[in-house]
Amino acid sequence: MIKNDKYDEVKNAHPHWSDAQIWTSISMTMEADNVIEKKGENIRIDDPDTIKEIIEGAKKWLAEVLPVIYKKVSELFDRLLTNVRAWVKKGWESINEFIETYFQKI
């Protein structure tokens, strides 16, 4: 098995999470960091386009790097992208609730 410090860190913080949950979290965090670094001071976290950019980047990374995991969570990403504008109005709390509910089903 390949050692991955980020994976181990998330797994230790959330021992009950599945591999799909862990890699989804890692992909979202990595892409959020990329988008924040790229946009710098001009970033607005409440901007639906910024959130979509993060989700799309995480989706692309998973599809390219971990296609087996991506296959398990592709519907999650599609549904996030479909609903992101409505959720931004309600805040990130809605997105987090959706992700938790989604993973309870698989």
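Identify the residue in region 1-17 that is exposed (fewer than 15 other Cβ atoms within 10 Å of the Cβ) and assigned to a loop (DSSP other than H, G, I, E, B) and, among all such residues, is nearest to the chain's Cα centre (by Cα).
Applying the filter and picking the extreme gives His14.
In this structure, does Leu76 turn out to be in a helix (DSSP H, G or I), under 12 Å from the mean Cα position of the chain (by Cα) and in contact (Cβ under 8 Å) with a residue 40 or more places away in the chain? Steps first, please.
Numbers: in a helix (DSSP H, G or I): yes; under 12 Å from the mean Cα position of the chain (by Cα): yes; in contact (Cβ under 8 Å) with a residue 40 or more places away in the chain: yes.
Against the criterion (in a helix (DSSP H, G or I), under 12 Å from the mean Cα position of the chain (by Cα) and in contact (Cβ under 8 Å) with a residue 40 or more places away in the chain), Leu76 qualifies.
Which condition number in (1) part of a helix (DSSP H, G or I); (2) over 19 Å from Asn4 (Cβ atoms) is the one that Ala63 fails?
Unmet for Ala63, out of (1) part of a helix (DSSP H, G or I); (2) over 19 Å from Asn4 (Cβ atoms): (2).
Any residue in region 93-106 that's within 14 Å of Phe77 (Cα to Cα): show its pairings with residues that are aromatic (Phe, Trp, Tyr) and surrounded by 12 or more Cβ atoms within 10 Å (Cβ to Cβ) at Cβ separation under 8 Å, as long as the two are six or more apart or on different chains.
Cβ pairs passing all conditions: Ile95/Trp87; Phe98/Trp87; Phe103/Trp17.
Is it the case, given these coordinates, that Val88 is among the hydrophobic types (A, V, I, L, M, F, W, C) and within 20 Å of Lys6 (Cα to Cα)? Break it down stepwise before answering.
Values: among the hydrophobic types (A, V, I, L, M, F, W, C): yes; within 20 Å of Lys6 (Cα to Cα): no.
Against the criterion (among the hydrophobic types (A, V, I, L, M, F, W, C) and within 20 Å of Lys6 (Cα to Cα)), Val88 does not qualify.
Which condition number in (1) crowded, with 18+ Cβ neighbours inside 10 Å; (2) not in a helix (DSSP H, G or I); (3) not hydrophobic (A, V, I, L, M, F, W, C) is the one that Thr24 fails?
If we test Thr24 against (1) crowded, with 18+ Cβ neighbours inside 10 Å; (2) not in a helix (DSSP H, G or I); (3) not hydrophobic (A, V, I, L, M, F, W, C), just (2) comes out false.
May I ask you to verify whether Asp49 is exposed (fewer than 13 other Cβ atoms within 10 Å of the Cβ), under 22 Å from Lys90 (Cα atoms) and modelled with pLDDT under 95?
For Asp49, the condition - exposed (fewer than 13 other Cβ atoms within 10 Å of the Cβ), under 22 Å from Lys90 (Cα atoms) and modelled with pLDDT under 95 - is met.
Picking from Val84, Val68, Val73, which residue would you name as being at pLDDT 95 or above, at negative phi and surrounded by 11 or more Cβ atoms within 10 Å (Cβ to Cβ)?
Details: Val84 fails: at pLDDT 95 or above; Val68 fails: surrounded by 11 or more Cβ atoms within 10 Å (Cβ to Cβ).
After ruling out the rest, the residue left standing is Val73.
Go through the residues of region 31-39 one by one and say whether even a single one is over 21 Å from Gln104 (Cα atoms), open to solvent by less than 70 Å² (accessible area, probe 1.4 Å) and over 11 Å from the mean Cα position of the chain (by Cα).
Here is the first cut: in region 31-39, the ones over 21 Å from Gln104 (Cα atoms) are 31-39.
The next check asks that each one be open to solvent by less than 70 Å² (accessible area, probe 1.4 Å); those that pass are 31-32, 35, 39.
Pick out the ones that are also over 11 Å from the mean Cα position of the chain (by Cα) and you get 35, 39.
Yes, region 31-39 contains a residue that is over 21 Å from Gln104 (Cα atoms), open to solvent by less than 70 Å² (accessible area, probe 1.4 Å) and over 11 Å from the mean Cα position of the chain (by Cα).
The values are calculated or read from the model by the stated rules, or taken from the named source; none is laboratory data. What you are looking at is a predicted structure, and each value in this text was computed from that prediction instead of being measured. Neighbour counts run over all protein chains shown; Cβ positions are idealised from the backbone, glycine included. For accessibility, only protein heavy atoms count, side chains too; no ligands or nucleic acids. Shrake-Rupley method; radii C 1.70, N 1.55, O 1.52, S 1.80 Å.
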